[in-house]
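Since the structure comes first, as structure tokens, the remarks are kept for the end.
Laboratory data are not the source of any read-out in this text; all were calculated from the coordinates shown. Everything numeric in this text was worked out from a predicted model, so none of it was measured. Every residue, glycine as well, gets a Cβ built from its backbone with ideal geometry; the counts of neighbours run over all protein chains shown.
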Amino acid sequence: MPLDHSVIGVESAPHERTWTAKDTMLYALGVGSGTDEPAFATEKGQRVLPTFAVLAAQAPGRRLGDYNPAMLVHAEQSFELHRELPPAGGVRTTSKVTGIYDKGSGALVTTEALAVDPESGEPVVTSRSAVFIRGEGGFGGERGPREEWAAPDRAPDHKVTYPTRPDQALLYRLSGDYNPLHSDPEFAAPAGFDRPILHGLCTYGVTGRALLHAVAGSDPARFRAMSGRFSSPVFPGESLTVSIWVDGSAVLFRTAKDDGTVVIDRGRAEVSPEA
């Protein structure tokens, strides 16, 4: 059964989500925070890592049709924070599929979600994402827009390396993504992996930590937006190096493994000036 194009542009019913201080601490641990980041990993003066915004804005999606879930990979992710997230709180989210594009070997499905304050209706997070479903292309549709991106012709202003733990995916999955691709070798094998891979959003969160500390003075209130394209899988236990170029409030970045393989490409972030 082909993907259902009738869902494009149809807004979902509102979905309410709440989180606790324990949830945001667990998320911080899941993306690598530890004793050197007590403001995020403990309740002492607790604040929230900006990339938690992606989880806060998640809502049940519409059925896209019948396909093998092992063939689906997270392709792109972006978010805009309209205000700093509290350690415990809640939002009301609506979402919609914004496009289904024909990439030949597969289909790229893009979505957008808007999370608002349940009481005031004011925007809290705008989240946009894309998934690539292998084997679902070739239907004769548009290939989709392409945004130009190039790293500056100079050395990065910052390079930050963080390790990941061999059990990082098992810890990160406790924040809600129980896809067996990240925990079950028998499920990972048909997708072409000899062992479970790290969640793309875990790699994204590790990268967000590097950006937060390198260019936003470790202040979540200054972190406005982030986007990137997932370009290669990461296995738990591999180290990640984030190369960062800064031009005022605009930031470009790229995340790579020790062997130079780029795992998040075309990265952009936006930070507010220091108060």
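Taking amide hydrogens as placed 1.01 Å from N in the peptide plane, the amide H of V263 sits under 5 Å from those of T255, A256, K257, each at least 5 positions away in sequence or on another chain. Within straight cross-link reach of K257, meaning Cα distance under 15 Å, which aspartates and glutamates are found once same-chain residues fewer than 8 apart are removed? Correct list for K257: E238, D265.
Classify the chain as rounded, prolate or oblate, taking a ≥ b ≥ c as the square roots of the eigenvalues of its Cα gyration tensor: rounded when a/c is under 1.5, otherwise prolate if a/b is larger than b/c and oblate if not. The shape class here is rounded. Summarising the amide proton neighbourhood of G99: residues at separation of 5 or more, or on other chains, whose placed amide H is nearer than 5 Å comprise T110.
For G248, neighbours were defined as the other residues whose beta-carbon sits under 15 Å from its Cβ, and their charges (Lys and Arg +1, Asp and Glu -1) total -1. Dipole magnitude for the range 5-271: computed about the Cα centre from +1 point charges on Lys and Arg Cβ and -1 point charges on Asp and Glu Cβ, it is near 40 debye.
Listed by chain and number, the lysines whose alpha-carbon sits under 30 Å from that of K44, ignoring those within fewer than 8 places in the same chain, are K22, K159.
Taking other Cβ atoms within 10 Å as a rough exposure proxy, M25, M71 sort from fewest to most as M71, M25. The range 90-120 and the range 194-271 have Cα centres lying 21 Å from one another.
Sort Y172, Y178 so the one with the fewest other Cβ atoms within 10 Å of its own Cβ comes first.
Y178, Y172
In this structure, the amide hydrogen of G217, modeled 1.01 Å from its nitrogen in the peptide plane, lies closer than 5 angstrom to no residue at least 5 positions away or on a different chain. Note on the range 37-141: dipole from Cβ charges, positive end direction compared against G99, A41, A113; the farthest Cα belongs to G99.
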